[in-house]
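Take a look at the structure below.
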Amino acid sequence: MLTLSQWSQASELPSLEARMLLSHVLQVTSAWAVAHDEATLDEASKHCLDALADRRRRGEPMAYLVGEKEFWGMMFKVTPDVLIPRPETETLVETALRYLPQRQETRVLDLGTGSGAIVIAIARERPYARFCATDVSAAALRLAEENAARLLREDADRITWRLSDWFTAIPEPRQDAERFSVIVSNPPYIAAADAHLDEGDLRFEPRGALVGGRAGREALQTIVHRAPGYLRPGGVLLMEHGYDQGEEARALLHDAGFTQCETVCDLAGVPRVTLGVYENTGQ
Ligand code: GLN
């Protein structure tokens, strides 16, 4: 019989990862696993742990192995149907919140919601806002709904979910009241031939959530071109993008008639989110 600490050693995984697998399989906190590392593992748990450690050694992301990932202080369920929420995406949430006054009944659209991380984080911070969240993947949408129900409880009612390829299934609004104050998206923005796709976690994530066409800009373009029809006068479009796409994103927004175009850096200092304001007159 192995103790927890012997299993960790034998797994040859970094100790943090071994501990995450232990707490996942044994259904205990990490702190418990550390404090009880001389406890012995039963056969069934060891079998399960060995299988997970094996998958990890082959490169599968920790988040898929344990089935969850933290974002904005909440635990999101994740599966290989969705991109794993990343810390830099908190910059998108933070920047969007600047344009959503606390006590106003704003309307927010999240395009390509995946696990629902972005829309759920904003909903948590803005109790008066109403939301629409889309994804082209039915499996992703089901997962996002499940996350919302668990993390927001009855507040999840403020989110309408739509199976949609960007704007295609969202009816074009006829009056300002139906338009959105803010549109956010973390679209696929990696170029199809980018070598990073063959490295690390990205190898296991859904290609459709990562690759934005040959040059990585197709989704960004589609969103910028169609967003004006859905924004209130003075509404804001915010999109996450790659480290080298800030200038291009600002140019796209500018050419589509947006003003006050600005790129915001993430905590690592990388240009990550670009936004523009649409001063349409509503017709
Ligand atoms: N930020 C992710 C990465 O480069 C890509 C996410 C995306 O394409 N939206 O790892």
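The values are calculated or read from the model by the stated rules, or taken from the named source; none is laboratory data. Model, not experiment: these values are computed from the prediction. Neighbour counts are summed over all protein chains in view; Cβ atoms, including those assigned to glycine, are modelled from backbone coordinates with ideal geometry. Please note that ligands, DNA and RNA were not included when accessible areas were found on the heavy atoms of the full protein model with its side chains. Shrake-Rupley method; radii C 1.70, N 1.55, O 1.52, S 1.80 Å.
So the values come out like this:
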{"quantity": "Complete set of residues in segment 163-186 that are assigned to a loop (DSSP other than H, G, I, E, B), within 16 Å of the ligand (Cβ to nearest atom) and closer than 18 Å to Phe258 by Cβ", "calculated": "Trp166"}
{"quantity": "Residue within segment 204-218 that is closer than 23 Å to Val82 by Cα, outside any loop (DSSP other than H, G, I, E, B) and in contact with a Lys or Arg (Cβ under 6 Å, 6 or more places away or on another chain) present", "calculated": "no"}
{"quantity": "Hits in segment 187-215 (condition: open to solvent by less than 60 Å² (accessible area, probe 1.4 Å), farther than 23 Å from Gly59 by Cβ and either more than 8 Å from the ligand (Cβ to nearest atom) or under 14 Å from the mean Cα position of the chain (by Cα) (or both))", "calculated": "Pro187, Gly213, Ala215"}
{"quantity": "Boolean, Ala33 is assigned to a helix (DSSP H, G or I), open to solvent by less than 20 Å² (accessible area, probe 1.4 Å) and within 16 Å of the ligand (Cβ to nearest atom)", "calculated": "no"}
{"quantity": "Enumeration of residues in segment 67-100 that are among the aliphatic types (A, V, I, L, M) and either surrounded by 18 or more Cβ atoms within 10 Å (Cβ to Cβ) or closer than 25 Å to Gly235 by Cβ (or both)", "calculated": "Val78, Val82, Leu83, Ile84, Leu92, Val93, Ala96, Leu97, Leu100"}
{"quantity": "Within segment 71-102, tally of residues that are over 20 Å from Trp166 (Cα atoms) and in contact with a Pro (Cβ under 9 Å, 6 or more places away or on another chain)", "calculated": "6"}
